[in-house]
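The values are calculated or read from the model by the stated rules, or taken from the named source; none is laboratory data. All figures in this text were calculated on a predicted structure; none of them were measured in a lab. Glycine gets a Cβ as well: all are built from the backbone with ideal geometry, and neighbour counts include every protein chain shown. Side chains included, ligands, DNA and RNA excluded: accessible areas come from the protein's heavy atoms. Shrake-Rupley method; radii C 1.70, N 1.55, O 1.52, S 1.80 Å.
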Amino acid sequence: MHKVGIITASDQGYKGERIDESGTLMKKILEEKGYRVEKYIILPDEQNLLENEMIHMSDELKVNLILTTGGTGFSKRDVTPEATKKVIEREANGIAEAIRYYSLQITPRAMLSRGVSGIRGETLIINLPGSPKAVKEIVAYILESVHHGLEILLGETSECAAKK
């Protein structure tokens, strides 16, 4: 069972002015798929707080996967990708590219997402948009491949070729 951390980046959610539907939906979906959510937190759109939480989840809680929701757009307060870039050691660009490609089939506004993906130690970090609809669609799309990637990252398998 892989351990997961979920971070919602939302000033309004942090202040209690908005219900965090995206983070709670993500938590529900992952638990239904057999993942253990070690921590779920709502933080304001503050780069240093986001960085510190990603480091804490990776290095201290030893989660295998961190999913963020929110903070990936064009607003001056949207700094989740910058926080992620600061803490990752290796990029995993294919995941972010696949998310945008898939999302572009649904809405042309997907091109406005600045989400990134990368690896810190034995933790894969993936930025998702803040919309519950996007979270549901994207998690369903990426989860099987991400699960396989985690198995490779953690040394649980070395086989990457598709089996027929």
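List, in the order given, every pair from Lys27/Lys133; Lys28/Lys136; Lys28/Lys62; Lys62/Lys136 whose Cα-Cα distance in the structure shown is over 18 Å. Where the Cα-Cα span goes over 18 Å, the pairs concerned are Lys28/Lys62; Lys62/Lys136. Taking the chain as a Gaussian network of alpha-carbon nodes connected by springs under 10 Å, the highest mean-square fluctuation of the residues Asp20, Asp59, Asp78 belongs to Asp59. Split the accessible area of the chain by element, probe 1.4 Å, and carbon with sulfur accounts for 51%. The simple Förster model, with R0 at 22 Å and r as the Cβ-Cβ distance, assigns Ala98 and Arg36 a FRET efficiency of 0.35. Between the amide H of Val37 and those of Val4, distances stay under 5 Å, these residues lying 5 or more places away or on another chain, with hydrogens modeled in the peptide plane. In a reduced charge model with +1 at each Lys and Arg Cβ and -1 at each Asp and Glu Cβ, segment 77-158 shows a dipole moment near 460 debye about its Cα centre. Extending 7 Å from the Cα toward the beta-carbon at both Leu143 and Ser75 defines two label points whose distance is 2.7 nm. Computed from Cα positions, the angle between helix 93-104 and the longest principal axis of the chain comes to roughly 60 degrees.
Thr123 exposes around 0 Å² of accessible area when a 1.4 Å probe is run over every protein chain in place. When +1 charges are put on Lys and Arg Cβ atoms and -1 charges on Asp and Glu Cβ atoms, the dipole computed for segment 6-147 relative to its Cα centre reaches about 320 debye. For the chain, the longest principal axis of the Cα atoms and the long axis of helix 21-32 meet at an angle of about 20 degrees.
Taking Lys33, Lys15, Lys76 in turn, the Gaussian network model of the chain (Cα-Cα springs below 10 Å) assigns the largest fluctuation to Lys76. Computed 3J(HN,Hα) for segment 51-58, one whole-Hz value per residue from the Karplus formula 6.51 cos²θ - 1.76 cosθ + 1.60 where θ = phi - 60°, is 4, 4, 5, 4, 5, 4, 5, 6, glycine and proline marked x. In segment 1-81, a dipole from Cβ-located charges (positive for Lys and Arg, negative for Asp and Glu) runs towards its positive end, and of Gly13, Met54, Leu67 it is Leu67 whose Cα lies farthest in that direction.
Segment Thr157..Met111, full-extension length gain: 13.2 nm, with 0.36 nm per residue of separation and the alpha-carbon distance subtracted. Compactness ratio for segment 1-76: Cα radius of gyration over 2.2 N^0.38 Å (N = residue count) comes to 1.07. Entry comment: accessible area of segment 79-125 is 55 Å² per residue, from protein heavy atoms only and a probe of 1.4 Å.
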